[in-house]
Amino acid sequence: MPPTAAAESSRAEELRRLLNRAAHAYYVLDAPEMEDPVYDRLYRELLDLEAAHPELVSPDSPTRRVGGAPADGFRTVEHRIPLLSLDNAFSSEELEAWFARLLKVMDRTPEAGEPLPPLPMVGELKIDGNALALSYEQGVLVRAATRGDGERGEEITANVRTIQAVPLRLQLERPPAWVEVRGEAFIPDGTFAAINAEREARGESLFANPRNACAGTLRQLDPGVVASRRLDFFAYTLHLPDDWSPVRADPARPRSQWESLAWLAAAGFRVNPNADLCPDLAAVEAFFTDWETRRAQLPYATDGVVVKLDDLRLQADAGFTQKAPRWAIALKYAAEEAPSKLLRLVAQVGRTGVVTPVAEFEPVPLAGTTVSRATLHNADRLAELDLRAGDTIVVRKAGEIIPEVVRVLSELRTPGATPLQLPPNCPECSSALVREEGEAATRCVNSSCPAILRGALRHWVSKGGLDVDGLGSKLIEQLVDRGLVGSIAGLYRLDAALLASLERMGETSAQKLVAALEASKQQPWHRQLYGLGIHHVGAVNAKALAKAFPSAVALHEAAAEQPEAITAVFGIGGEIAESLRQWFATPANLALLAELQALGISMAAPEGEQGVGGESDGPGGAGHLSGQTFVLTGTLPSLSRSQAQTLIEAAGGKVSGSVSKKTSYVVAGAEAGSKLTKAETLGVAVLDEAGLRALLASGP
Ligand code: IVH
């Protein structure tokens, strides 16, 4: 073996210190400071280091013991049978390696070329809670204890008695002199949410996750509090004295893990119903894969599956290593958090010019994919994390969510490492970045910045926008980098011959793309509006605005002169009106609109659907108010705005968002604003609710 490098020895020391501190915080202080997957990974790294360099193993290594020491406040009790831990596997290769080792110790390794012998195993869900050891004497619960260090735990009988799923007396005719049951106490997700909501309401600190809440609860000194937290329990391990045998209806003495689960259920325990008896390793893998997706629907947390050799005699043959049984393994689901080493910090410029700090790091497998980039959100978050060059970071990925950096493991930092910040200039166009007072975002405000242009093009052709097929990010990058396209409008001037000359483009795909662009000109006005990518104008707002303002011209007019006509649209507020005002006040944007229209993109609803800006859909016409236009403002005493609108439309009138000389009546309620003033200056008739009702009633 090569001599141990100084770097490895100091890394081992660092890992020991970190892991011991995390275990102390978790087990003794009830104040966890390291997420499990992170702990697992660092633990793994230490195990590997110690395996490669046994001289690095020291008596204080966390790999030399099973758990933390019991805390003060509870009596320490010795377990009749030690509570062991489980070894972990993180992939099917590791599961297969475990199985091969198991066959070897049992002397069942097949000859080369022969298939693996089938060996029944039980697949159980690995409940993400806290292990409990329950002792029954003559069928009565006499003691409940936490795992502690595996040999001795804390006596928490009074607390465990509050758990309804734990029987206080076994349902057996002839209970054994003693029974030892192990299982997992946990807090269901729904209960956890309620507990945290209550704590929040009382201004107390929140529990990080259900398992921590459960651990904290089990070690409460007041059993009344424990009872209020509604813990639950699944039993999974049974130890019986050798001389016990059943009478009459008592369940038979189990010979396998599968029978043990049935025995536990018969004796009155809650046993997880999702266990399965698997005839071979392939069935175990199928069980794991099946629950990988289904576990999301469970009302409690599971972090993997536990695989156990079914036959109890074979279990005894396989035996134990120093800390775990050889006959069982925990197969863990891909971590959603993992540590990695920061390689660099980059500033990513988005479509709206917002600059996001993004961490690039050594690739890590995370929740099923390999990740190497994660967002740091904004400059404030970056400062809060105090990220430094070369830092070890913790990255999280949950479901579809973009990976993010959650923490920096500052304990692993090299002293004197340089703090990292966003650059003062745009990495794409070098113009100075701007951060407005009170805003979280740092922006590049150069509208011809290539990064902004790429983003704008991607948005214009996106599914919610003009939905142009065959124009992906790579192609957009080429078009912008080569200066072939300088704005959205530029896309419509591309010809097939030029496109065909680009990388990874052929004649056919070029022609298809030109045709798709041509066809996109017919997309409806609300998609065109969305495609412009105006700040705050997402798909829903674009639809509402396009309905109220049937053309860019109408919208422009309102944005510039009558913001109240814009905010009169259902769901549209002042922030959006202001964003539209700014957009239309920018000459480059007006030039873009003109260019798009010249290219055959209408920027308006088809003729037949057009009306005056802000008008309601109602055709007017039929009733006695036909031809009259109403503007509603302020709060009416009994009618809501939409009720008033319905009544007016039913009588044939129209409702508009803005007051003009053509307005017949302004209906004003409490706190009417500028529309009322405008009506008064223009000499438009003003009604209150009573006046409106009288007018409505005046019809035939
Ligand atoms: S069997 C010697 N079965 O996982 C056998 N453990 O990481 C040890 N756990 O300490 C336990 N669900 O707290 C077993 N169905 C299950 C389990 C389970 C959760 C916990 C248990 C154990 C830990 C090991």
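So the values come out like this:
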item: Cα-projected label distance for Glu33 with Glu137, points at 7 Å along beta-carbon direction, nm; result: 4.1 nm
item: Radius ratio Rg over Rh of segment 356-429, counting only Cα atoms, Kirkwood formula for Rh; result: 0.97
item: Cα gyration tensor shape for segment 84-211, rounded if a/c is under 1.5, else prolate or oblate; result: oblate
item: For q = 0.19, 0.20, 0.27 Å⁻¹, Debye-computed log10 I/I(0) when each Cα of segment 209-287 counts as one equal scatterer; result: -0.93, -0.95, -1.21
item: Pair Glu45, Val57: separation of 7 Å Cα→Cβ label points (nm); result: 2.1 nm
item: Inter-probe distance in nm under a simple model that places probes 7 Å from Cα toward Cβ, at Gln421 and Ala690; result: 6.6 nm
item: Nearby aspartates and glutamates by direct alpha-carbon distance to Lys543 (threshold 16 angstrom, same-chain neighbours under 8 apart not counted); result: Asp467, Glu609, Glu615, Asp617
item: Extent along principal axes [Cα atoms of segment 437-589; Å; largest to smallest]; result: 51, 36, 23
item: For segment 508-558, radius of gyration divided by Kirkwood radius, i.e. Rg to Rh on alpha-carbons; result: 1.11
item: For the chain: accessible area per residue (Å², 1.4 Å); result: 48 Å²
item: Residues Ala544 and Ala697, FRET efficiency given R0 of 35 Å [Cβ-Cβ distance, rounded to 0.05]; result: 0.65
item: Greater than 31 Å apart at Cα, pairs in Lys474/Lys521; Lys463/Lys678; Lys397/Lys474; Lys521/Lys678; Lys397/Lys463; result: Lys463/Lys678; Lys521/Lys678
item: Probe 1.4 Å - accessible area at Cys278, Å² to nearest ten; result: 0 Å²
item: Largest to smallest accessible area among Phe361, Phe74, Phe570 [probe 1.4 Å]; result: Phe570, Phe74, Phe361
item: Whole-number percent relative contact order across segment 478-620, with pairs defined as alpha carbons under 8 Å at least 6 apart; result: 25 percent
item: In Å², nearest 10: area of Lys547 left accessible to a 1.4 Å probe; result: 130 Å²
item: Cα gyration tensor category, rounded, prolate or oblate, for segment 622-687 with a/c compared to 1.5; result: oblate
item: Ala324-Glu173 FRET efficiency (beta carbon distance; Förster radius 51 Å; 0.05 resolution); result: 0.90
item: Cleavage-rule hits, trypsin sites (Lys or Arg not before Pro), segment 213-306, DSSP coil, Cβ neighbours within 10 Å at most 10; result: Arg248
item: The chain: Cys lacking any partner C-beta under 4.7 angstrom; result: Cys214, Cys278
item: For q = 0.05, 0.09, 0.11 Å⁻¹, Debye-computed log10 I/I(0) when each Cα of the chain counts as one equal scatterer; result: -0.42, -0.98, -1.13
item: Heavy-atom accessible area ranking, 1.4 Å probe, most first, across Asp495, Asp243, Asp317; result: Asp243, Asp317, Asp495
item: Within the accessible area of the chain (1.4 Å probe), percent carbon and sulfur; result: 52 percent
item: Cut-off 17 Å, label 7 Å out along Cα→Cβ of Arg294, residues of segment 88-117 by amide N; result: none
item: Which of Tyr39, Tyr333 is most accessible, then next, and so on - probe 1.4 Å; result: Tyr39, Tyr333
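The values are calculated or read from the model by the stated rules, or taken from the named source; none is laboratory data. Here the structure is a predicted model, which is why all the values come from computation and not from measurement. Quick reminder, even Gly has a Cβ in these numbers, built from the backbone with ideal geometry, and neighbours come from all protein chains shown. Calculation scope for accessible area: heavy atoms of the full protein, side chains included, ligands and nucleic acids excluded. Shrake-Rupley method; radii C 1.70, N 1.55, O 1.52, S 1.80 Å.
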